[in-house]
Amino acid sequence: MYGFLKLFAVFNEHVATTQRITGELYPTEMNKLLRLFLLISAFSTLISSFVLAQITPALNAFKTADEVAIRALRAQSNRAIQARDLTAFGQTMLPDIEITRGSGSHVSGRDSVLASVAVQFKDPAFLGYIRNTESLQVSTSGPLAAENGHWTGRFQRPDGIQTITGIYLAMWRKTTEGWKIRSELFVSLTCTGSAACGK
C-alpha cells in the first residue's frame, strides 16, 4: 500500500508539472492536446511501476527457494566440520565431486575427499574451516548454481593459532535428493599467527 501511495504522489507531481508547462508555453487547444498526451504517458508509467512492484516479490520468492536450500546445506557442512562429523559432511557432496585445495592440490571423488578430511578430523591441531557465502546465483539454463565467498581455516601451532583465509567458488547441482556440491575451488590468500605460514 505504501508503494502505491508513493507512486500516486509521483503521478500527481507529473500532473502538476504538466499543468505548469502547458499553461505557460502553449495556446489553449495545443495546451489541451499536449496535457492529455503527457497525462496518458504519466499514467502508463504509474501503472507499469505498480505492476512491477507487485510481481517482483513473487519472482524473488521463486528464485530464493533454491538459494535458501543451498545456504542451509552450506551451514550444515560448516557445522559438520566443527563437530568432526564425517557422515554429515559427505552428505552435501556428489560422489564425483572435484575439489581444488587452497594450496592448489586436487582431490577427485567423495571417498578420496572424506579420507583426506578424516585425517584432519583426527588431528587435535585442526581447529576447523568456515565457509561464508557472499553470493549465490541459480542457473536459468540447467540444474546448477554458483556459490562464492570467503573461507577461513584455523590450526593450533606451538607459537600460536595459524589462520589461513581465502576465497572459494562452488558449483552445486540439483538432484532428486536435493542440491549437492559438484566441485569446489579454494584459493589461499593470507596466512597469519604462526611461523608455519612461511612453510
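Computed quantities for the displayed model
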read-out: Calculated from backbone phi, Karplus (6.51, -1.76, 1.60) coupling profile of the range 177-189 in Hz, x at Gly/Pro; value: 9, x, 6, 9, 7, 8, 7, 9, 10, 10, 10, 7, 10
read-out: Length-normalised contact order for the range 95-147 - Cα pairs under 8 Å, 6+ apart - percent; value: 19 percent
read-out: Virtual spin-label span in nm between residue 87 and residue 156, 7 Å along Cα→Cβ; value: 2.7 nm
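No value in this document is a laboratory result; all are computed from the given coordinates. On a predicted model such as this, the values are computed, not experimentally measured, just so you know. Here the Cβ is made from the backbone with ideal geometry for all residues, glycine too, and neighbour counts use every protein chain on show.
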